[in-house]
Structures are given as structure tokens and as C-alpha cells.
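To start, the structure under review is shown below, and the notes come after it.
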Amino acid sequence: MKSYLKEISDVFKEVNSSENGLSTSDARKRLEKNGPNKLNEAKKATLFQKIISSIIDPMIIMLLITAVISAVVSISQGDSISDVFIILFVVVINTILGIVQESKAEKAIDSLKKMTASTSKVLRDGKEVIVKSEDLVVGDVVLLEAGDVLSADCRIIESHSLKVEESVLTGESVPVNKINTILSLGEKQKDISLGDRLNMLYSGSTIVYGRGKAIVVESGMDTEIGKIANALEQTQKEETPLQKKMSELSKMLTKLVLIICVLVFIIGFVRHGSFTAVAIIDSLLTAIALAVAAIPEGIPAVVTIILSIGVTSMANRKALIRKLSAVEALGCTQIICSDKTGTLTQNKMTVVDSYSCDKELLSKGMALCSDSVIEKGSNKALGEPTENALVEFANKLGFPKYDLDKEFKRIGEVPFDSNRKLMSTLHEKDGKVVQYTKGACEMLLNICTKYLKDGKVQDLTKENIEEIKKINKEYADKALRVLGLAYTEYDKKPENISSETVEKDLIFVRICWNDRSL
């Protein structure tokens, strides 16, 4: 259902819920009817299925056929059947190694799933309760705050500066501003693309800023990410390069051995010079013996052992490999096409350099003019990646955010706007009010009349501006993302706090950071 095109009251009616959420009994009934809120998992193969899967490999089949033929020949000639046991031993070892490795990987993955099982804060019977995310049902009202990971598709009811990172669905790592108003279609527009549904939250997305409230409209396999998972289930599994090569080798050896057997049989038969049963049997046994000798029984075992060593090496680097053949497939990979941020990196910003004569003022101002928070005893901030970097920067210098918030009480703010590219916060300490404004340097310079140099406030001249712009370019040329800071002080709180009234006649400072994988 297209909840983003409907009024929130209509959404409540459609899912048979209200702003107070569901009752516990109603939620239980819906859970029993629709099943848990999780993606379908493929059925695990039984031990017997794993054994059969290992045996039906072309190379193993060829070895088993060889073992049978070898047994028949050896028994008919009264010879030892030790070769048969050697071949069967190789097959058994190969099967055991594959099954053991796959089972170990599956257990490790199951353990990780249990460790990372998420929870959600919802309204049940009008009260806030925390439930397992897999117990969410359509109609649940979810309470959201920075750091939460969405486990179902939801329509926003309330949004307070809500920003969401939806890279898992859209590939875009920049947080999206969310609203709680109804959307409408434009002329000749049949639908709104997923990335433009600003009043919707989707499973797999992360709340990076602000807080809000939303109602679950889709769960489990009906979510957008569930549709992707369903499409992946429909794809056909392809053989790895190693499996293809082994299959080709098996076919080639089979044809070659058959040709040689026929030739040896014919030559042996001709050499006897008579068409007798003895001549036929001798020629046939010679051909079969040669065929058995031509089969490389050691190849499957050698390949399995080498791949096991590769899996062990990957495990030491904290990478789990479920299938042995996947190691060789990864080794054959030449090009990986992937969005960098949050995929090959951690989607994390880190302060790496700064340009200021007062680093204490700089770090304090940047941390205070941010909505990210940091818990006591922790060095990791929670919030938007760019603001997390600033808060962690101040924390490293000995100015944790929780202490700054107590010392400088926030009494007003002008939220960030993509047009202004600025954010301002006002704080009170000892009866005085100080304002910090951060944002793009070029925008910040337009509202500054002074700047801080050698601990003194001086007039901002054209020469100073050109110098700052030059340094700004030097940082940008190093692939550093640059952010500026300015401040001012008041004797009392301004009556009207808006961008037009407070973002002017400021004193300039600055900082920069770089996004990188840590």
C-alpha cells in the first residue's frame, strides 16, 4: 500500500491501529497470523543432503566409478583390493573436510545472528515497551531516536529533525531529512521513487539524527528489503570457476580414458591373434587397469586441503567462508563494483587536521554546535557521522560532550539548512549567552565581520578572507572535507532566534576532517 500518499489518519484506519499503538493481545494475534518480522531463510541442508551434495561432484563420481571397476578387476584376477580402499579413503576425507568446514561456518553465522539480534521501542497498551524486532507487526507504533536501526517499513507520524541513512536501499550515504506530511504525485507521475519518499522509513535504514514516531505498515518479506531478498532467491546459482574447471577436467579425462581403453583393447586383441574368450578377457583387463591408473585420485583431496588452508587463513582475518569453493572464486575476482561509503569503509568521519589559534575554543564550539552525544566511559559518539567526528575530537582533547552540555546549557538553536549550509546553537553560562555557528566556510565567511588570531579578535579584511580561502582550498585539494566555525557573545538571550537575526557579525574560527576507513 502506498502509505506515503495518504493522510496519517487514513493509514491508522488501514492498519487498524491508533496513536497509542496496539494492545498486547492484538499484537500477539497478528504475529501468529502473519509470522515473525524477519526475512525468509533458506532451509538448512541435512547431513545426508550435504553428503550427497559432496558425492555428486563430477570428479568424485569418476573416482567412485574407478573404485568399482578396480574392485571388479582385482577380485577377478585374485589381486589385493588395496587400491579400492585408497580411493574410498580419499573420497571420505574429501567429504568430511567439506562438511566440517561448512558446519563450522554455519554455527559461527548463527552465533553472530544471536549476538546482533535487534530490539525496538514500541507502544503497546499505550505504554512504551521494548520488544524483539522480529516481534514487530503491522500497526505497531515505533518510537525512534538516533542510533536506531529500522526493522520494518514505517510511515512517519512525528519527525523532530529526523535524518535517516538509507544507503542499504538507495546507495546514498548522505542522511536524508524526513518529514511527517503527506506527499503528492506530480503531473504524469505514476509513483514516487523510493529515495524521494520523505515521509517513509524503510527496514535496514539507520536513524542518525533527531527523534520521531512512526507506524509499521509492512513487515517481513513484504518490506522493500524483503522484496530484494525475494528477488535474490529467484536467481540461479552459478558454479564457481573452480567447479567449472573440475567439471571440464572430469569430462576431458573421461573421454581420454575411454579412447585409450578402446585403443588398448583393440591392440591387445590384435596381438593375441585369435578371437577367443581368453584374448578378450586379457585385453579388457589390461584396458581397465590402464584406465584406473590414468585417473588422478589425489586431485580432489589436494584441492580440498588447499581450499581448507585458504578458509583457515581467511578466518584468521575475521572472514567467514561457508563454502570451500568460495575461497577460489574470491581469488579469481578481478573487479569489485561497490559504493565506497559504508561498504568498503565504515561511513565514519575523523578529524585529521585543524587551522585555529585556539584549539580548545574550536573543539568546544564544534561539539556544542552538534546534536551527537557520547556516553560516559565511551569514546564513540552516537549521531550523524560528521557531527560524531566533532564530538569525538573534543572528547580526545579532554572536553566530553556530556560535561560541555552541563556547563553550557543550550537555550536556543537554528537547525541546519541545506540552503544556508549552516547550523547555530545558543548556550548560557554564568548569566552570559554564547552562540556557535558551524557550516561551509564560504557561507560562514559571508556572515563574519571579525576573526580570531593569536587569541585576539580582529577585523576581517579582504586580505584575511583571501588567506582563509587559500587555506580552505589547500585542505580541499588534499581530499579533506572542510567545516568552519564562528561564534559571538550576548549579554542576554536574543528575543528572536532565527537565521536572519543571529547569523550575522560573527567571529570566525575553522576546522577540517577527512572521511576514511579506520
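The values are calculated or read from the model by the stated rules, or taken from the named source; none is laboratory data. Here the structure is a predicted model, which is why all the values come from computation and not from measurement. Neighbour counts are summed over all protein chains in view; Cβ atoms, including those assigned to glycine, are modelled from backbone coordinates with ideal geometry. SASA here: full protein model, heavy atoms, side chains in, ligands and nucleic acids out. Shrake-Rupley method; radii C 1.70, N 1.55, O 1.52, S 1.80 Å.
For the chain, a Kirkwood radius taken over Cα pairs fed into Stokes-Einstein (20 °C, viscosity 1.002 mPa s) yields D = 74 µm²/s.
Karplus-based coupling profile of the stretch 487-504, in residue order and whole Hz: 8, 7, 10, 10, 6, 8, 5, x, 5, 10, 9, 8, 4, 6, 8, 10, 8, 6, with θ = phi - 60° in 6.51 cos²θ - 1.76 cosθ + 1.60 and x standing for Gly or Pro. Across the stretch 359-368, computed HN-Hα scalar couplings (Karplus, 6.51 cos²θ - 1.76 cosθ + 1.60, θ = phi - 60°) run 5, 5, 4, 4, 5, 5, x, 5, 5, 5 Hz from first to last residue, x flagging Gly and Pro. Karplus-based coupling profile of the stretch 395-411, in residue order and whole Hz: 5, 5, 7, x, 10, x, 4, 5, 6, 5, 5, 6, 6, 10, 6, 6, 10, with θ = phi - 60° in 6.51 cos²θ - 1.76 cosθ + 1.60 and x standing for Gly or Pro.
For the chain, which whole percent of the accessible surface, found with a 1.4 angstrom probe, sits on carbon and sulfur atoms? Summing carbon and sulfur atoms, their accessible area is 56 percent of the total for the chain. Taking amide H positions as modeled 1.01 Å from N, with prolines and chain starts lacking one, the residues under 5 Å from Val208 and 5 or more places away or on another chain are Gly147, Lys163, Val164, Glu165.
Taken about its Cα centre, the stretch 1-91 carries a charge dipole of about 500 debye when Lys and Arg each add +1 at the Cβ and Asp and Glu each add -1 at the Cβ.
The long axis of helix 277-294 is offset from the longest Cα principal axis of the chain by roughly 20 degrees. Equivalent-ellipsoid semi-axes for the stretch 362-491 (Cα gyration tensor, √(5λ), whole Å, largest first): 24, 19, 14.
Angle of helix 298-316 to the longest C-alpha principal axis of the chain, folded into 0 to 90 degrees and rounded to 10: 20°.
The H on the amide N of Lys450, modeled in the peptide plane, is under 5 Å from the matching H of Leu460, Leu506, Phe508, each at least 5 residues off or on a different chain.
Rolling a 1.4 Å probe over the protein heavy atoms gives the chain an accessible area of 57 Å² per residue.
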